[in-house]
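Undergrad: Sharing a structure with you now.
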Amino acid sequence: FRGGAELLFDGVKKHQVTLPCQPEPWDIRNLLQWIKQNLLKERPELFMQGESVRPGILVLINDADWELMGELDYKLQDQDNVLFISTLHGG
């Protein structure tokens, strides 16, 4: 989490997680719900909108824009690095 997004997660920028086993492969959609339930500490409306991230949150999967990877439908692989960067700033 960067660009201020880490403030919603107790200021912790990096989380290394092991996701629980489930019948279907994990995708970003499932990951976001897991993050909301397990890591997000405050003001979920600043991070999520519906089942996705809010506009203004850049998502990178292994340093590539998630739009190139299938966004919410991207199937997570072992050792994937998912980065959330907030481009929203107060004034």
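Undergrad: Per residue, what accessible area does the chain have, given a 1.4 Å probe and all protein chains present, in Å²?
TA: 65 Å²
Undergrad: Give me the distance in nm between label points sitting 7 Å out from Cα along the Cα-to-Cβ direction at ASN38 and GLU51, one decimal.
TA: Spacing of the two 7 Å Cα→Cβ label points: 1.9 nm.
Undergrad: Provide, for the chain, the number of lysine pairs with alpha carbons under 18 Å apart, each pair being eight or more places apart or on different chains.
TA: So the count of such lysine pairs works out to 4.
Undergrad: Can I ask one more? Under 8 Å for C-alpha pairs, at least 6 residues apart: give me the relative contact order for the chain, rounded to a whole percent.
TA: This gives 39 percent for the chain.
Undergrad: May I pose another question? Return the FRET efficiency for the residue pair GLU24, ARG2: r is the Cβ-Cβ distance, R0 is 30 Å, and the value is rounded to the nearest 0.05.
TA: It comes out at approximately 0.55.
Undergrad: Give me the three principal axis extents of the chain from the C-alpha atoms, as integers in angstrom, largest value leading.
TA: 43, 26, 23
Undergrad: Have a look at GLY50, GLY11, GLY70 and tell me which one the Gaussian network model of the chain (Cα, springs below 10 Å) gives the largest fluctuation.
TA: Between GLY50, GLY11, GLY70, it is GLY50 that shows the largest mean-square fluctuation.
Undergrad: Carbon and sulfur: what percent of the chain's accessible surface (1.4 Å probe)?
TA: Roughly 48 percent of what the probe reaches on the chain is carbon or sulfur.
Undergrad: So, one more: Counting other C-beta atoms within 10 Å, and keeping those with at most 13, which DSSP coil GluC sites (Glu not before Pro) do you find in the stretch 1-75?
TA: When the GluC sites (Glu not before Pro) of the stretch 1-75 are filtered for loop state and at most 13 Cβ neighbours within 10 Å, GLU42, GLU51 remain.
The values are calculated or read from the model by the stated rules, or taken from the named source; none is laboratory data. None of the values given here were measured: they were computed from a predicted structure. No Cβ is skipped: glycine too gets one built from the backbone with ideal geometry, and neighbour counts run over all protein chains shown. Just so you know, the surface numbers come from the protein's heavy atoms only, side chains and all, with ligands and any DNA or RNA stripped out. Shrake-Rupley method; radii C 1.70, N 1.55, O 1.52, S 1.80 Å.
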